[in-house]
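Working notes, structure below.
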Amino acid sequence: MTVKDRVALVTGGSRGIGRAIVEALARNGAKVAFVYNSNSAAAEEVVSALAAEGHEAWAIQADVRSKPAADQVVADVVAKWGKLEILVNNAGIIRDTLLAKMDSTQWQDVIDTNLTSVFNFCQAATMQMMSQRYGRIINMSSVAADVSNPGQANYAASKGGVEGFTRCVATELARRGVTANAVAPGFIETDMTVAVVNLAGDEIKKKIPVRRLGRPDDISNAVLFFAADESSYVTGQILKVDGGLTLGGL
Ligand code: NAP
């Protein structure tokens with residue numbers, strides 16, 4: 001899968017799945033900028049670990065909820081490297097609470113971080129990608145878009161929104177050489193899931209046909225597929241990467 005010399009931007013690239021995506025793109029020869037929110041130590045660690053391997057990555061602090069920030073990040077990447085070919089909208093949060101107790105902040109934070117951010121960065125990158133007549137957009141969904149988990153109405157709504165958005169954008173941009181796809185991870189071991197894993201790790205594994213939790217590189221491999229030059233005929237697709245969790249078998 002070829003991404004060599006492509007310019008990529010990954011949101012939420014300082015930790016977890018996003019870090020694995022940054023690493024996979026950089027190790028395959030892309031120049032990678034990534035956005036983080038507040039954990040600058042984690043972001044710097046990603047940059048220096050990749051630099052030690054001889055790969056280029058650039059950490060940018062920005063809040064993905066902000067449209068002006070997204071516009072600025074995209075403009076900065078294009079100013080530095082002259083183009084933007086791969087956009088991975090990965091940043092996301094959970095604020096799990098049953099609906100009866102969910103306040104407006106818990107709703108809005110999740111919608112803004114997980115869904116509005118995808119609009120912000122896609123919209124900021126679209127003109128550049130259309131004028132290049134080349135682009136690969138990959139948005140991070142979740143199996144929660146399809147499977148009902150009590151306490152995740154905000155999260156499920158945000159990820160369902162990401163999937164519908166991805167299909168629409170794919171149709172709009174197809175004739176300009178720009179693809180848009182989404183990856184829907186199952187249960188992946190990151191900071192986001194550490195509390196649940198500590199509580200119920202072995203019970204969760206029993207529900208997953210491959211009998212293990214996912215690793216961030218399970219997801220980055222799927223992203224690499226959508227990001228590659230060779231994937232020009234794949235657009236509007238949602239790829240579940242969940243070890244069979246949602247197959248509904250016995
Ligand atoms: P994570 O380990 O908690 O990392 C989240 C990343 O997003 C961090 O880099 C964080 O930056 C960044 N971020 C959060 N809010 C931001 C904001 N307002 N502005 C800029 N950056 C922000 O999460 P993860 O588990 O890797 O999840 C990554 C994506 O996969 C999310 O979209 C999540 O919904 C999705 N997903 C995860 C799982 C799973 O099991 N882990 C399953 C399905 C889907 P800082 O380091 O600065 O905080």
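What follows draws every value from the coordinates through simple rules; no lab data is involved. Just so it is clear, the model here is predicted, and its values are computed rather than measured. Virtual Cβ from ideal backbone geometry, glycine too; neighbours counted across all protein chains shown.
Below is a table of values for the structure above.
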read-out	value
Fewest-first ranking of 127, 192, using other Cβ atoms within 10 Å as the exposure measure	127, 192
Listed pairs 4/159; 83/159; 31/159; 4/67; 31/80; 207/240 exceeding 18 Å between Cα atoms	4/159; 83/159; 31/159; 4/67
71, 103 arranged by Cβ crowding within 10 Å, fewest neighbours leading	103, 71
Dmax and Rg, reported as Rg then Dmax, of the chain (C-alpha, Å)	17.2, 53
The chain: relative contact order in percent, alpha carbon pairs under 8 Å with at least 6 residues between	21 percent
Computed P(r) (all Cα pairs; the stretch 152-203; 10 Å bins; percent)	20, 35, 26, 14, 4
Scaled radius of gyration (Cα, divided by 2.2 N^0.38 Å) that the stretch 1-101 gives	1.12
The stretch 193-215 versus the stretch 48-79: alpha-carbon centroid distance in Å	32 Å
Dipole of the chain, positive direction: furthest Cα of 249, 107, 219, with charges on the beta-carbon	249
Acute angle (nearest 10 degrees) that the helix 16-27 long axis makes with the longest principal axis of the chain, alpha-carbon atoms	30 degrees
Per-residue Cβ neighbour rank within 10 angstrom, fewest leading, 83, 31, 4	4, 83, 31
Translational diffusion coefficient (Stokes-Einstein; Kirkwood radius from C-alpha pairs) of the stretch 88-129 at 10 °C, 1.306 mPa s, in µm²/s	138 µm²/s
Cβ-based net charge around residue 145, under 14 Å, with every Lys or Arg adding one and every Asp or Glu removing one	0
Size of electric dipole in the chain: Cβ of Lys, Arg +1 and of Asp, Glu -1, about Cα centre, debye, nearest 20	500 debye
Unit charges at the beta carbon, dipole of the chain: most positive-side option, 122, 57, 18	122
Computed [θ] at 222 nm, helices only, for the chain once each DSSP H run of length n ≥ 4 contributes -39500 (n - 2.57)	-14000 deg cm²/dmol
Between helix 194-206 and the chain: long-axis angle, C-alpha atoms, 0 to 90°, nearest 10	70 degrees
